[in-house]
Amino acid sequence: MGLIIATSRRFSRTIHDNIALRVNMAAREAQLRESENRYRSIFQHSPLGVLHFDEQGQITDCNSKLLDILSVERSKLLGYRMLDRSADRGVAQAVRDALEKGTGYYEGTYQLPKSSVGTPLRAFFNGVHSASNQMVGGVAIIEDFTERKRSEAIIYRQAYYDALTDLPNRRLFIERLEALCNEQDNDQRGGLVMFMDMDRFKLINDTLGHAAGDDLLVQVARRLESCLQNDDMAARLSGDEFVLLALFDVTESEALNAAAARYMETVQQALAGEYRLESRWVEVTPSMGYTCFDAAAFDHTDVLKQADMAMYQAKTEGRARLRRYQPWMRDEVNKRVAEQAPNLPVDR
């Protein structure tokens, strides 16, 4: 009887432990399912694109947001090998870094093979280890940078371009000159900077209205652009003042002056003649001054002053003049400044 009782207790305890184990396992399975469901919900409803890839860099899963970002069907993305030769090099490097180092990063305009449209992206890649600490693949979080890039482009445009003519503004023009000073391989290049304003521009504004004046500036900008070659740049400084930078593959003084003179004649011809303003043809002429320089060694501030002085000399001689800077022009400017404002310092 005692043996039966002891065996019964032992059996009862075993049954109890077995039931407790099953209950515990069921609870863990429920927690696991809840965790998986929570992850799947986050995965599918994430505001960012998410993808999984295996140890070979092959995409095994992705969420709907990523499909929207890339404008691609799921069937075309699943199975895609991000380490293939045809794949984007930046993405491939980020995947390799994730698999080898644990993390990878990509930022750029990504374009799937056989796709004609690229998408600005930022992506963070992370390697995934198994329970035995073996690298089994990875996960990537992808952010669409389209709106950010568009906003950056708008901000850049507002900061560096003239809103009316769509030409570069003073800031961008000066930065271009400063950058030219620091560029390599300029030993065989010369250049010119031109200052220009339109004769009787104020009269046009006063008689035809500011809309006609704005229209004239836009037409001048388009004519200037038609003269540009390669690395040349035209910009609007303010009002009716424009500047132009042109580069030539010559440095010898006589050859550079000859090339600059031919170029400026072309610009003068392009800007001369009549402009259609307020349903009528109006003849408007430019006054222009320019200076030549060696692209390998020049001071951009001095070059701008010289071109400005040459234009000032053209204006004093009458309308529709083109003048190249000469050293005596600095003395003329200083003389006029001394006569009109004797307390101001002169330019040396």
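The values are calculated or read from the model by the stated rules, or taken from the named source; none is laboratory data. What you see is a predicted model; the values in this text were computed from it and never measured. Glycine gets a Cβ as well: all are built from the backbone with ideal geometry, and neighbour counts include every protein chain shown. Heavy atoms of the whole protein, side chains included, go into the accessibility calculation; ligands, DNA and RNA do not. Shrake-Rupley method; radii C 1.70, N 1.55, O 1.52, S 1.80 Å.
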**Prompt:** Does the stretch 188-242 hold any residues that are in contact with a helix residue (DSSP H, G or I) (Cβ under 6 Å, 6 or more places away or on another chain), within 19 Å of Ser279 (Cβ to Cβ) and open to solvent by 20 Å² or more (accessible area, probe 1.4 Å), and which are they?
**Reply:** Asn205
**Message:** Is it the case, given these coordinates, that Leu277 is in contact with a Pro (Cβ under 7 Å, 6 or more places away or on another chain) and either surrounded by 22 or more Cβ atoms within 10 Å (Cβ to Cβ) or closer than 23 Å to Ile204 by Cα (or both)?
**Reply:** no
**Complete:** Scanning the stretch 296-331 residue by residue, the ones that are under 23 Å from Gly190 (Cα atoms), open to solvent by 40 Å² or more (accessible area, probe 1.4 Å) and part of a loop (DSSP other than H, G, I, E, B) total 5
**Prompt:** Yes or no: Ala261 farther than 27 Å from Val218 by Cβ and open to solvent by 10 Å² or more (accessible area, probe 1.4 Å)?
**Reply:** yes
**Every residue from the stretch 266-323 that is more than 37 Å from the chain's Cα centre (by Cα), closer than 23 Å to Leu256 by Cβ and of a type in the set (S, T, N, Q)** = Gln313
**Complete:** Cβ pairs under 6 Å, 6+ apart or interchain, first in the stretch 320-334 and closer than 13 Å to Asp308 by Cβ, second outside any loop (DSSP other than H, G, I, E, B) and β-branched (Val, Ile, Thr), ordered by first then second residue, are Tyr325/Thr291
**Asked** What helices (runs of 4 or more DSSP H) lie completely within the stretch 137-247 and have 3 or more residues being over 22 Å from Leu304 (Cβ atoms) and within 24 Å of the chain's Cα centre (by Cα)?
**Response** 146-160
**Request:** Identify all residues within the stretch 64-103 that are part of a loop (DSSP other than H, G, I, E, B) and open to solvent by 80 Å² or more (accessible area, probe 1.4 Å); write none if there are none.
**Result:** Ser71, Glu73, Arg85, Ser86
